[in-house]
Amino acid sequence: MSRPGSSPDEKGVSQNGDPGGHRPVFTNTLNAPVSPETRLLSAFARDTQARKVDLAGRGEYYHGKPFELRLVGKIKQQLSTDPTLHPEYPSSLGLREFTRKATEVALGKHSRAIVENQVMSATHRQGWYYSLAGIFQAAGIQEIREYYYWDDKQRGICLERLLEDLESAPEHSVVVLSASAHYPTGADLSQSQWAVITRLITRRRLFPFLLLPTQALCCGDMERDAWPVQHCASLGMELLCAQSFSHCFGLYGEAVGHLLCVLKQNSVLLPVRSQADKIVRSLWARPSVGGAHVVTTVLSNSAHLVEWRGEVKHIVERCMLIRAILREKLRLLGTPGRWDHLTQQGGLFCCTGLNGEQVEFLSNRRRVYLLPGGCLNVSAINCRNLDYIAESIHLALTSSL
């Protein structure tokens, strides 16, 4: 149909020569802010130096390559040829056996919350614990506050300042706390510190949202890493807990996570589950099942579980050994400061205590890339780069920057 007053053969042409005369939809699209980690990744990729070292990665590494558990590889192969597994959509909340097993390793098999049917659980996409503030903002939550946790001078957790910040939080605030393997510092609260914090949370009527990002990779024991979650549940506290199985199972391509909600009474279980179902359907409709099948297969078989625990223990012991050797090398080099905090922290990540200028020195002058706050991935250190990393940290602290 032609416009009034135009000939049928007339065609609209825009100023840039495109037919139609319409302005391109994406003309004014702006670049999104680049995260510090993305900037680091880009800088590392552009770096042509042979001796460059990436200590800012998120996975476990073995001689520079992502670490794959042998058991997980075998199970993937078995599942790919299993004639009893039929491709079909799972429920929106995930595979029932997976959510059951994931709940048990978080709360304990004989947890009162499980026995009394006070737990709602759902499979979710992994990757949340690196960008929670962004997720909350995207969900429309306007007031997001940070609490004090790591103290650079003490090179450890400052409980006093943390408690002050929680004390000042408005009633019914959601408080996000790492149950174990705190990212990115590797510094976790002790059981006595958790006892103080849970009393404050109860008194101030706060709501705990607990994170289990690398369960078993902190202490080498699933139960020990989940103790804070189990402690809170044993006190009858309502809570959310988000788990990730990507690190501890080496499932980076098949990332799988689990969200559980502990309720005070099971009479609200169905309404809460229906709301979770509604939210999930609007986000991704159905979760992927590849990683969930692998995790379920391991957690449901006692022989597999023993083998998996052995492999995970090896990773944890290797990280502990690297921490101890790095601390000793820094001591022998006469590097300024105390380095005991390297072995006092746990899990994959570690906070060195280096400041921004020293981190910049490492990346610009030594091609050693750390996270902006001076934190690094311990598993990325190996026998080929350990000496170089220790020397680089020493130079960052002793050279005139």
Fill in the blank from the handout: Extend 7 Å from the Cα of ALA133 along its Cα-to-C-beta direction; within the stretch 145-163, residues with backbone N under 13 Å of that point are 145-149
Practice task
Note the count of lysine pairs whose C-alpha atoms are less than 30 angstrom apart in the chain, limited to pairs 8 or more residues apart or on different chains.
Solution key: 25
Exercise for the section: Give the span of the stretch 321-401's Cα atoms along each principal axis, as three whole-Å numbers ordered largest to smallest. Expected result: 30, 24, 23
Handout entry: Rg over Rh, two decimals, the stretch 246-299 (C-alpha only, Kirkwood Rh)
Key = 1.06
Exercise for the section: Count charges around HIS172 for me, please; just the other residues with Cβ under 10 Å from its Cβ, Lys/Arg as +1, Asp/Glu as -1. Expected result: +1
Completion exercise
Only helices counted: for the chain, with every DSSP H run of 4 or more residues adding -39500 (n - 2.57) and the sum spread over all residues, [θ] at 222 nm is -12500 deg cm²/dmol
Exercise for the section: Provide the packing ranking of 266-277, 27-38, i.e. peptides ordered by the mean count of other C-beta atoms within 10 Å per residue, highest first. Expected result: 266-277, 27-38
Completion exercise
Label model pair GLU223, CYS383: point-to-point distance (7 angstrom along the Cα→beta-carbon line) in nm is 3.5 nm
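Quickly rank 78-85, 148-155, 375-382, 50-57 as a protection proxy: mean count of other C-beta atoms within 10 Å, highest first.
Working: 78-85: 9.2, 148-155: 15.0, 375-382: 23.1, 50-57: 18.8.
Listed from highest to lowest mean packing, they are 375-382, 50-57, 148-155, 78-85.
Between ALA45 and ASP340, what FRET efficiency comes out of the Förster formula 1/(1 + (r/R0)^6) with R0 = 35 Å and r the beta carbon distance, rounded to 0.05? Intermediate results must be reported in sequence, preceding the final value.
Numbers: r = 35 Å, r/R0 = 0.99.
For R0 = 35 Å, the calculated efficiency reads 0.50.
Could you tally the net charge around GLY220, taking each other residue with its Cβ under 10 Å from the Cβ of GLY220, Lys/Arg +1 and Asp/Glu -1?
Details: positive: ARG224, ARG309, LYS313; negative: ASP221, ASP225, GLU317.
Within the 10 Å Cβ shell, the charges total 0.
Pop out the carbon and sulfur fraction of the accessible area of the stretch 142-209 as a percent, whole number, probe 1.4 Å.
Working: 1780 of 3730 Å².
Heavy-atom surface of the stretch 142-209 belonging to carbon and sulfur, 1.4 Å probe: 48 percent.
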Practice task
Go through the stretch 263-280 residue by residue and turn each phi into a ³J(HN,Hα) via Karplus (6.51, -1.76, 1.60, θ = phi - 60°); whole Hz please, and just put x for glycine and proline.
Solution key: 9, 7, 9, 6, 5, 9, 4, 5, x, 5, 5, 5, 5, 4, 4, 4, 5, 4
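If R0 is 22 Å, what FRET efficiency do you get for LEU269 and VAL174 from their C-beta distance, rounded to 0.05? Display every interim value, and only then the final one.
Details: r = 20 Å, r/R0 = 0.91.
Given R0 = 22 Å and the Cβ-Cβ separation, E is 0.65.
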Exercise for the section: Scan (1) 1.05; (2) 1.17; (3) 0.98 for the value of Rg/Rh (Cα atoms, Kirkwood Rh) calculated from this model and give just the label. Expected result: (1)
Practice task
May I ask for the net charge around LYS52, where only other residues with Cβ less than 14 Å from the Cβ of LYS52 are counted and Lys, Arg are +1 while Asp, Glu are -1?
Solution key: +4
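State, to one decimal in nm², a quarter of the convex hull surface area for the C-alpha atoms of the stretch 85-300, i.e. the direction-averaged projected area.
Hull-based average projected area comes out at 12.3 nm².
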Exercise for the section: On a C-alpha basis, how far is the centre of the stretch 331-378 from the centre of the stretch 230-245 in Å? Whole number, if you could? Expected result: 32 Å
Problem - Taking the stretch 85-300 and dividing mean pair separation by its residue count, relative contact order in percent (alpha carbons under 8 Å, at least six apart) - result: 31 percent
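Could you grab the Rg to Rh ratio for the stretch 276-333? Cα atoms only, Kirkwood for Rh.
On the way: Rg = 19.8 Å, Rh = 15.1 Å.
Rounded to two decimals, Rg over Rh is 1.32.
The values are calculated or read from the model by the stated rules, or taken from the named source; none is laboratory data. In this text the structure is predicted, and so the values were computed from the model without any measurement. Please note: Cβ atoms are built from the backbone with ideal geometry, for glycine as well, and neighbour counts cover all protein chains shown. Please note that ligands, DNA and RNA were not included when accessible areas were found on the heavy atoms of the full protein model with its side chains. Shrake-Rupley method; radii C 1.70, N 1.55, O 1.52, S 1.80 Å.
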